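Read the structure below first, then the notes.
Here, each number is a calculation from the coordinates, and none is a lab measurement. Just so we're clear, the structure is a prediction, and the values are computed from it rather than from any experiment. Backbone-built Cβ (ideal geometry, glycine too); neighbour counts: all protein chains shown.
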Amino acid sequence: MLKVEFDEDRCKGCELCTSACPKNIVVMADYLNAMGYHPATVIEQEKCISCSFCARMCPDVVITVRKEEKK
């Protein structure tokens with residue numbers, strides 16, 4: 001299951017989320033989205049600590065962060 005999901009077609013490529021990530025795993029994609037911007041994406045989901053800093057920084061609310069359920 002993905003910990004971080006981006007609604008890539010709504011991302012404007014502002015890069016605020018990339019600077020907020022303490023693990024430096026949020027990067028800008030090398031392709032363009034439907035609006036013509038390079039969307040943000042996560043390169044190594046397994047390194048994500050679900051801190052939600054990226055989601056809190058996003059002005060367009062395109063990031064969803066999920067925490068793993070404890071068993």
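By the Cβ distance rule (another cysteine Cβ under 4.7 Å), the unpaired cysteines of the chain are Cys11, Cys14, Cys21, Cys48, Cys51, Cys58.
Taking Cα Rg over 2.2 N^0.38 Å as calculated from this structure, the corresponding entry among [x] 1.05; [y] 1.09; [z] 1.30 is [x]. Taking every DSSP helix (H) stretch of at least 4 residues in the chain, weighting each as -39,500 (n - 2.57) and dividing the sum by the residue count yields a mean residue ellipticity at 222 nm of -2500 deg cm²/dmol. Converting phi to 3J(HN,Hα) with the Karplus coefficients 6.51, -1.76 and 1.60 and the offset θ = phi - 60°, segment 8-13 yields 4, 6, 9, 5, 9, x Hz in sequence order, with x at every glycine or proline. Number of Lys-Lys pairs in the chain with C-alpha atoms under 23 Å apart and a separation of 8 or more places or on different chains: 13.
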